[in-house]
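Before any comments, here is the structure.
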Amino acid sequence: MENLIRFQKYVLYYSKNKLLNNYLVLFFQYDGYTSCPLVTGFGKCILAEFDFNGKPLETSPFDQGKESRLAYVLKKDILPSMYWNMLIK
């Protein structure tokens, strides 16, 4: 959900500015990207990233198809803090 909001806000911002400046064509379109952290066990998680059609879109430098402690820490500690303190404000 955090990634959905993060990418969609840029699309909304640029599209709004184009419309306010009398541009009829929207140059930025949201491609349906979303990210879903899946907890698979105690202290383990898989990050699933995909587009609107369900095709995988891996944007992280590590293999997202494997369980990892880093993904779990990201989901548990880092993403909620980023969401509430950076994206919402």
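Each reported figure results from applying straightforward, stated rules to the coordinates on display, with no laboratory input. Since the model is a prediction, treat every value here as computed from it, not as a measurement. Virtual Cβ from ideal backbone geometry, glycine too; neighbours counted across all protein chains shown.
Between residue 40 and residue 52, how many nm apart are label points set 7 Å from Cα along the C-beta direction?
2.9 nm
How large is log10 of I(q)/I(0) for the stretch 31-71 at q = 0.13, 0.27, 0.35 Å⁻¹ when the intensity is taken from the Debye formula with one equal scatterer per alpha-carbon?
Listed by q, the Debye log ratios stand at -0.26, -0.89, -1.19.
Which aspartates and glutamates does residue 76 reach when only Cα atoms under 19 Å apart count, and residues fewer than 8 places away in its own chain are ignored?
2, 49, 63, 67
Only counting other Cβ atoms within 10 Å, I'd like 40, 59 sorted with the fewest neighbours first.
Ranked by crowding around the Cβ, least crowded first: 59, 40.
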